[in-house]
Amino acid sequence: MRARRLSRRFPTAAAAVLLAVTGCVYTASASPTAGDQRPNVVMILADDLDAATTPVWQAMPRTAALIRDRGVEFTDSFAPMPICCAARASILTGEYGHNTGVLTNAGEVGGFEAFRAGGNESHTIATTLHDAGYRTGMAGKYLNGLEHDPGHIPPGWDDWNAGIDNFLYSGYNYTLNENGTRVKYGVAPADYETDVIRAKSERFITDAAASGQPFFWYAASTSPHFPIPPAPRHLPSTQPTLAPRSPNYQEPDVSDKPSWLIDTADARAATIAATNDIDYTNRLGALESLDEMVAGIVETLERTGELDNTYLIFTSDNGYSLGAHRLTQKMAPYEESMRVPLAISGPGIRPGRSDAMALSIDLAPTLYDWADIPVPDRVDGRSLTPVLSGDTIGWRTDFVAEYGGNGDGRNGIAQEQIPGTDTPIIYALDMPSWSAVRDRRYLYVRWYERERPLDQREYELYDLWADPYQLTNLIKTPQGRAAHTDIVTDLDHRLGELTTCAGRSCR
Ligand SMILES: [Ca+2]
Ligand SMILES: [Ca+2]
């Protein structure tokens, strides 16, 4: 298998010699055998855990020690579709939102139903690995909107434990579809969501290890997504903590921002003042059980003798704004929404850090590479395996990011109730749709993609070298636009290319 992986990277005489010497070429098979030595994969997905403001590794010291320090930490990892459902759709398929058709959580370009209607369920990481002989399983959050068809079990999953109502976000009182049986959890400490997912993770790994079949496990707690509280055992130690006051916290001058943000800035600032620090405190507390879950998973892999043959991924579906630019939640093209933690450890990976641009669409092809499955043409992402071994030659230097907005003509100032809560009623402010291109130096955003004709869009340009906190949109004024004509022309052209890319043309 090692030889095969090398051969993909060095399709030369050297690989042929290696193959001749080892005689080891793995052929993917739909009928697993006890001698199947392909590596296992465990992917642990946090929900709304940003990498820009929250000190993730300090908050999760076990995860830092057990995955990050044993593997590669990606310091420039991004969620190009920075909202739960769109992000998860891209993780499951390795495709950008314009190709999955899922650009937000609900509506015609969002949610589980858009994902299924677009035919995506026939080619996910689950179907691909399952068809290649892997035992596959998941527990936790699948895609927003699954509650509309709670009995549905997507193809490819051997062990299915998905939340089928929005109580999952509260950590209690939720129902899981456990392989066709609806199991309601209550409000006892033992019902706490992250702990239940931990137990299911440990059971799956134990059973799969005993079977000798290579496995893929997807642990998807909603922690630290609002409003999940800390586990009961962590409540006493969860002390009120102020969210970090980054230079863009409650950005005083938003006159450079698009009109929807200017129009709602006061209401947004008031919301942040009322909720942000409480939210941050809860998030830190909730991360403790997530950190313990990671430790439990690694211990189980060690106990079953599988750790040395298992790749571990820790990341988040999207980032989160803790008051940056007067924004809560995610969905924005700014750093807080798009930057996610990513650490990967496993066989052959030497500890280190990488500033290569890693995207959530890269996870699926990386898994396929590990499992010796050819990456399908339709996949937009790139396998991270060269980067994981230190080879970044020819790696991407830009990507497209996309958000579908609420899409109902409300011009981005609509309010929605946060799922999983009844009292108090807390509202989150949505925003219009956008497309953006992000390269090493610039962020270029086109707003109102679905709400307005092209000649009425609004634009932003940030020079991240000079303005890492995105405080000054360089093209808000006519003078600014005149001074940046060339770079805008280039970035606008690139945006046009990437918003219509597919498969190889995205890579
Ligand atoms: Ca999320
Ligand atoms: Ca500003």
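Apolar share of the accessible surface for the chain: 54 percent from carbon plus sulfur atoms, 1.4 Å probe. With all protein chains in place and ligands, DNA and RNA left out, the 1.4 Å accessible area ranks Leu235, Leu388 as Leu235, Leu388, largest first.
Shown here is the pair-distance distribution of the chain: with all Cα-Cα distances grouped in 20 Å bins from zero up to the longest one, the shares run 24, 58, 18, 1 percent. For the chain, a simple Cβ point-charge model (Lys and Arg +1, Asp and Glu -1, everything else neutral) yields a dipole of about 1100 debye relative to the Cα centre. Cross-link partners of Lys200 among aspartates and glutamates, defined as those whose alpha carbon lies under 20 angstrom from its own and excluding same-chain residues fewer than eight positions apart: Asp47, Asp158, Asp159, Asp165, Glu178, Asp191, Glu288, Asp291, Glu292, Glu299, Glu302, Glu306. Accessible area ranking (1.4 Å probe, heavy atoms, ligands and nucleic acids excluded), largest first, for Tyr368, Tyr469: Tyr469, Tyr368.
Rolling a 1.4 Å probe over the protein heavy atoms gives the chain an accessible area of 37 Å² per residue. By the scheme Lys and Arg +1, Asp and Glu -1, what is the net charge of all other residues having a beta-carbon under 11 Å from that of Thr264? It works out to a net charge of 0.
The values are calculated or read from the model by the stated rules, or taken from the named source; none is laboratory data. Please read these numbers as outputs of a predicted model, since none were measured by experiment. Glycine gets a Cβ as well: all are built from the backbone with ideal geometry, and neighbour counts include every protein chain shown. Just so you know, the surface numbers come from the protein's heavy atoms only, side chains and all, with ligands and any DNA or RNA stripped out. Shrake-Rupley method; radii C 1.70, N 1.55, O 1.52, S 1.80 Å.
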